[in-house]
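One structure below.
No value in this document is a laboratory result; all are computed from the given coordinates. Note that the coordinates shown come from a computational prediction; the quantities given were computed from them, not determined experimentally. All Cβ positions, glycine included, derive from the backbone under ideal geometry; neighbour counts span all protein chains shown.
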Amino acid sequence: MTAMPEDRPPLISDDDRDTAVRRLQEAYAEGHISHDDLDERLHQVLTVTSRSELVSVLAALPAEKAVTTSTIAAAGGRIQRRGVWRVPRSLKVESAFGRVYLDLSRAVIEHSVVDIELQLGTGKAKITVPRDAVVDLEGLHTGWKDSRYRTTRRSRPGGPEIRISGTMGFGRLKIRHAWR
């Protein structure tokens, strides 16, 4: 009997593959698997087509580390991060009053996906992302004003995904891509 299209297992996304590769690299760096085992498993991760095959490749690895959230908070005043700074996998920014400025254009971004949660009362927020970043605003709720973001026309593939979520009360969020 021929399998119907709806009976086929779902295909693996690029994010699933990237996560699997990162887990294998971490396991190798921590000494859990040998170099030959790493090569073999990387080949398998890049060639499997179903989620169950991917799970079997990663089955003997240690459990994935929990993501910890770093928080930047201020009751009033300005929150600012710019220049060279290390961006955590998950960042929470809290401010009751004041402005927020995050410049990720020269920051060290070690993760393929970065979650930024905004909890802002009043005031403006401006986020500058790398030129090749992909921005997702679906999890952001604004009260008074909308966010301003235009996707870049000339984006190079391979940049980080910046997912922005949270709540903004009476301010505007402006997101722009860096020029270089």
Query raised in the report: Under unit Cβ charges (Lys, Arg +1; Asp, Glu -1), what dipole magnitude, rounded to 20 debye, does the chain have relative to its Cα centre?
Result: 1780
Query - Relative contact order (%) - criterion: Cα under 8 Å, at least six apart; region: the chain - result: 17
Report task. Could you tally the net charge around Val84, taking each other residue with its Cβ under 12 Å from the Cβ of Val84, Lys/Arg +1 and Asp/Glu -1? Result -> +3
Report task. Grab the other residues whose beta carbon is less than 12 angstrom from that of Ile12, score K and R as +1, D and E as -1, and report the net. Result -> -3
**Report entry** Relative frequency of Cα-Cα separations exceeding 22 Å in the range 69-177, percent
**Finding:** 24
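Counting other beta carbons within 10 Å of each Cβ, put Ile109, Ile72, Ile175 in order, fewest first.
Fewest to most other Cβ atoms nearby, the residues stand as Ile72, Ile109, Ile175.
For a test of understanding, tell me how many lysine pairs in the chain have Cα atoms under 15 Å apart, given they are 8 or more places apart or on different chains.
Details: Lys92/Lys126; Lys124/Lys145; Lys124/Lys174; Lys126/Lys145; Lys126/Lys174; Lys145/Lys174.
The number of close lysine pairs in the chain is 6.
How much mean residue ellipticity at 222 nm does the chain get from its helices, if each DSSP H run of length 4 or more adds -39500 (n - 2.57) and you divide by all residues, to the nearest 500 deg cm²/dmol? Before the final figure, lay out each step's value.
Working: 3 runs with 37 residues, N = 180.
That calculation yields -6500 deg cm²/dmol at 222 nm.
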Query raised in the report: Along the charge dipole of the chain, Cβ charges K/R +1 and D/E -1, which of Ala74, Leu46, Trp85 sits furthest on the positive end?
Result: Ala74
